[in-house]
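> I am attaching a structure below and will ask some questions about it afterwards.
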Amino acid sequence: MSELIVAQPPRTPQAVKENVIQQYLTFVLGREIFALNILNVKEIIEYGQLTEVPKMPVFIRGVINLRGAVVPVIDMAARFDKPSAQITRKTCIVIIEVAHTGGTQVVGVMVDAVNEVVEIESGNIEPAPSFGANIRADFIEGMGKIDGKFVIILNVNNVLSMDEVAALAGSIVQ
């Protein structure tokens, strides 16, 4: 399995003073581009051997063995109540750390393709729209403007809420 470790370049004090700049990993789901704060991303791996777990919600594709740890893998398309993603050669799993009431949980997120890491200034982030989005409003942290286009910045703790997943599955995923 090949891995891509994402490093953060240093920011200049002047850039921080003028506007807070944060880095986001952009990825594709269907025809839409989404972004996750890079601070939540641990690594990106190729889509590989998944073990299905019976009686899990449809958006939990299964689990993977990541260096000896069992990591649940969420199909982001299915999580957004869309048809499950089709596996292609660009499909990959983004390993993310999610906060929940018991601490943190490492979760894999299956996406169609990873694009790039981009910097977005806080002045270029609009609040989440209250209507018209294709996904639940609480899943959206904001709308980031990149080169005149908007990307949906996800609230990773709401999208991947382990408390909600556990309630849906009827047991805690570990």
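The values are calculated or read from the model by the stated rules, or taken from the named source; none is laboratory data. Keep in mind that this is a model prediction, so the values were computed, not measured. Here Cβ is always computed from backbone atoms with ideal geometry, including for glycine, and neighbour counts include all displayed protein chains.
> Between a first residue in the range 61-87 that is acidic (D, E) and a second residue that is not in a strand (DSSP E or B), which pairs have beta carbons less than 7 Å apart while being 6 or more apart in sequence or on different chains?
D75/F59; D75/S84; D75/A85
> Hey, another quick one. Would you mention how many residues in the range 88-140 are among the small types (G, A, S) and closer than 13 Å to M76 by Cβ?
Counting residues in the range 88-140 that are among the small types (G, A, S) and closer than 13 Å to M76 by Cβ gives 2.
The rows are residues; the columns are (1) free of Cβ contacts under 8 Å to residues at least 60 places away in the same chain; (2) under 18 Å from S161 (Cα atoms); (3) outside any loop (DSSP other than H, G, I, E, B); (4) acidic (D, E).
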position: R89; (1), (2), (3), (4): yes, no, no, no
position: I93; (1), (2), (3), (4): yes, yes, yes, no
position: V98; (1), (2), (3), (4): no, yes, yes, no
position: T104; (1), (2), (3), (4): yes, yes, yes, no
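> Then there is this: Does G144 satisfy the condition of being buried (at least 19 other Cβ atoms within 10 Å of the Cβ) and not hydroxyl-bearing (S, T, Y)? Spell out how you get there, then give the answer.
Working: buried (at least 19 other Cβ atoms within 10 Å of the Cβ): yes; not hydroxyl-bearing (S, T, Y): yes.
Taking the combined requirement at face value, the residue satisfies it.
> Additional query: Test of understanding: among I120, I135, which residue is among the β-branched types (V, I, T), buried (at least 20 other Cβ atoms within 10 Å of the Cβ) and under 23 Å from Q23 (Cα atoms)?
Result: I120 is the single residue among I120, I135 that is among the β-branched types (V, I, T), buried (at least 20 other Cβ atoms within 10 Å of the Cβ) and under 23 Å from Q23 (Cα atoms).
> What number of residues in the range 43-68 are hydrophobic (A, V, I, L, M, F, W, C) and over 19 Å from the mean Cα position of the chain (by Cα)?
Of all residues in the range 43-68, those hydrophobic (A, V, I, L, M, F, W, C) come to 44-45, 50, 53, 56, 58-60, 63-64, 66.
Adding the requirement that they be over 19 Å from the mean Cα position of the chain (by Cα) leaves 53, 56.
Matching residues across the range 43-68 total 2.
> Sticking with this structure for a sec: For the range 20-65, give me every one of the strands (runs of 3 or more DSSP E) that falls completely inside it and has 3 or more residues that are surrounded by 17 or more Cβ atoms within 10 Å (Cβ to Cβ), at pLDDT 90 or above and touching a helix residue (DSSP H, G or I) at 6+ places or on another chain (Cβ under 7 Å).
21-29
> Among what's in the range 89-109 and is over 14 Å from I45 (Cα atoms) and among the hydroxyl-bearing types (S, T, Y), pick the residue that is surrounded by the fewest Cβ atoms within 10 Å (Cβ to Cβ).
In the first step, residues of the range 89-109 are kept if they are over 14 Å from I45 (Cα atoms); the result is 97-105.
After this cut, where a residue has to be among the hydroxyl-bearing types (S, T, Y) as well, the list is 101, 104.
Numbers: T101: 8, T104: 10.
Out of the qualifying residues, it is T101.
> Name the pairs: first residue in the range 117-132 and aliphatic (A, V, I, L, M), second residue part of a helix (DSSP H, G or I) and at pLDDT 90 or above, Cβ to Cβ under 8 Å, at least 6 apart or on different chains?
V117/I38
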